[in-house]
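The values are calculated or read from the model by the stated rules, or taken from the named source; none is laboratory data. Nothing here was measured: the structure is a model prediction, and the numbers come from that model. Here Cβ is always computed from backbone atoms with ideal geometry, including for glycine, and neighbour counts include all displayed protein chains. When the accessible area is computed, the model is the full protein with side chains, heavy atoms only, and any ligands, DNA or RNA have been set aside. Shrake-Rupley method; radii C 1.70, N 1.55, O 1.52, S 1.80 Å.
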Amino acid sequence: MFCHLKPLRRLAVTCMVDVCLSQRVTPVSDRFCLKKILPHWLPSYRALSGAEAVNALRPFYFAVHPDFFGQHPREREINENSLKRLSVYLENLQKPGFKSLKPTQLTFYIREKTAQNSSEDQEPISTSGFRAVRFTLHTSDLLSTVLYILNSCSLSVEHVQSLNTTNVHSQPLQEATGMPDRPIKWHKSYYSFTGFKDPDEDLHVSRVETTLMSWLGSNGQSAVKKLKNSLPLRKELDRLKKELSDLLQLSDIRWQRGWGVAHRCSQLHSLSRLAQQNLEPLQNAKGCTIVFTDRSGMSALGHVMLGTMDVHHHWTRLFESLPSYFDLQRRTSALEDQISDLLGGIQVLYIEELQPALTLDEYCCLLDVFHSQLLKSRTPAHPQSLSGLEMILSSDRYEPSLHELGHFNIPALSDPASLQSFMRSRAQQARENITRREELKVIENELIQASTKKFSLEKFYKEPSISSRQMVDCCRRLLQLPLPYLHGMHLCVSHFYSVMQDGDLCIPWNWKKGGATK
């Protein structure tokens with residue numbers, strides 16, 4: 001049975017089978033028993049391909065897709081960030097000759113109807129209708145990774161059972177196929193002799209809390225290499241951005257998603273080709289900001305949105321229709337002014353970082369509904385009684401509230417009479433919050449500049465979901481450390497540790513202090 005193995009390994013196989021029998025492992029079949037113990041030495045079936053893994057994860061992608069979280073920007077951003085890290089993990093699994101991957105902790109928000117079964121790693125369903133699921137990936141092949149993700153999110157694995165793979169010994173597959181789970185505890189010398197990875201070591205690593213110094217020490221060289229490789233493309237990106245901005249007289253060019261530099265260059269090349277083919281419609285965007293995003297149109301802030309999945313024909317139609325969008329923009333501004341007059345001079349804002357991603361049409365409709373509510377009530381307002389204060393509108397049906405940043409969160413269907421009473425009673429608190437916000441913003445900018453200078457950072461920024469308070473806390477603690485690893489790097493303050501594909505270092509704002517790993 002073992003004739004195809006080298007003599008030394010044949011001896012090891014025989015010994016291990018004896019150990020298997022001595023530990024009374026119930027053999028569902030001899031083949032399964034041996035494959036469970038010696039997955040790398042026996043003839044195997046076809047391994048799971050990258051395309052098959054993506055197809056098998058379709059229920060998961062559907063459950064966590066950021067587009068379903070339009071009304072919940074925080075959950076949307078967390079899912080986007082986790083999907084990026086998962087993509088890197090799956091990509092590394094497919095690289096030839098990889099030895100091991102570091103355990104990767106991920107958090108996803110799953111829509112309520114897709115997370116029916118609770119587990120110890122899942123939080124109760126929130127009032128927003130989503131459940132937070134946290135798990136740590138320490139799998140070493142695509143199939144076990146796919147099954148582990150689906151099981152962690154309480155999603156069905158039936159559609160994966162028919163796939164043949166070499167790694168039938170993985171724990172998620174045992175759960176999915178109903179195989180008896182009788183794990184064998186091999187002596188440490190087994191792993192030393194064979195060169196296989198000890199799964200207990202991976203689990204131990206995943207339980208050890210990551211510290212800033214140890215993480216930078218382990219990932220600094222990788223980030224430097226990626227950053228160096230991305231420099232030519234970064235220069236190309238800057239060149240393309242400047243050329244298009246000058247040609248079309250744009251205010252700015254931005255990206256809503258965290259696409260890599262190569263993707264951004266590709267999108268700018270596409271827009272440049274369109275400008276060469278048909279420049280006249282694009283000239284309607286003069287003075288505008290162009291944002292590459294998921295759909296085409298105009299955003300609530302008046303930015304021209306170019307859907308990255310759309311073809312040139314769709315982009316051309318959008319540029320041709322910009323004059324009508326500008327009319328709608330004027331209508332939106334007029335509604336904001338009218339609402340302000342009816343509510344005592346309060347300023348109506350749309351804050352991109354704190355509100356769902358709305359198109360101009362959707363935002364105008366929301367303003368129109370709220371304005372109609374105010375007109376129907378005919379509740380008198382004290383002129384300029386709320387001057388200097390701010391409010392944002394939402395489509396939620398919750399009660400009005402005062403945000404810690406000083407603005408009022410107002411549902412569009414609020415009762416105008418009780419709304420005015422609420423805002424007047426909280427006006428002083430709102431002014432104090434705004435004052436604290438502005439003071440904190442000044443401190444934040446000073447600390448960002450100080451950190452950039454001390455560590456000789458090429459770029460230092462934060463994700464939109466990081467508040468000024470969190471950024472201030474992070475910078476103050478960073479400035480207390482010597483961090484030579486950061487010289488010339490791009491550093492992003494986020495909610496997790498990660499080296500992005502172009503070499504940007506992401507660290508959590510609440511990183512833990514500790515010594516570097518030697």
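Quick rundown of the values:
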read-out: Accessible carbon and sulfur surface of region 354-497 relative to its total accessible area, %, 1.4 Å; value: 52 percent
read-out: Extension gain (nm, one decimal) between LEU413 and GLU243, 0.36 nm per residue minus Cα-Cα; value: 56.6 nm
read-out: Charged-residue dipole, Cβ positions (Lys, Arg, Asp, Glu), region 285-353 about Cα centre, Debye nearest 20; value: 240 debye
read-out: Ranked by how many other beta carbons lie within 10 Å on average, peptides 341-350, 471-480 from highest; value: 341-350, 471-480
read-out: Scattering profile of region 216-329 at q = 0.09, 0.12, 0.16, 0.17 Å⁻¹ [log10 I(q)/I(0), Debye over alpha-carbon scatterers]; value: -0.27, -0.46, -0.73, -0.80
read-out: Share of carbon and sulfur in the accessible heavy-atom surface of region 197-349 [1.4 Å probe, %]; value: 50 percent
read-out: For region 301-360: accessible area per residue (Å², 1.4 Å); value: 46 Å²
read-out: Rounded to the nearest 20 debye, dipole of region 228-298 from Cβ charges on Lys, Arg, Asp, Glu; value: 300 debye
read-out: Per-selection Rg to Rh, region 345-496 - Cα, Kirkwood hydrodynamic radius; value: 1.10
read-out: Residue-normalised accessible area of region 454-518, expressed per residue, 1.4 Å probe, Å²; value: 48 Å²
read-out: Contour minus Cα-Cα distance for ASP327 and LYS376 (0.36 nm per residue); value: 15.1 nm
read-out: Probe 1.4 Å, accessible area per residue of region 376-432, Å²; value: 57 Å²
read-out: List THR435, THR293, THR452, ordered by accessible area with a 1.4 Å probe, largest first; value: THR435, THR452, THR293
read-out: GLU438/SER156 FRET efficiency (R0 60 Å; Cβ-Cβ; nearest 0.05); value: 0.75
read-out: Spherically averaged projected area of region 399-489 from its Cα convex hull (nm²); value: 7.1 nm²
read-out: Dmax and Rg, reported as Rg then Dmax, of region 247-401 (C-alpha, Å); value: 18.3, 56
read-out: Contact order relative to length of region 398-480, as percent, for alpha carbon pairs under 8 angstrom and 6 or more apart; value: 24 percent
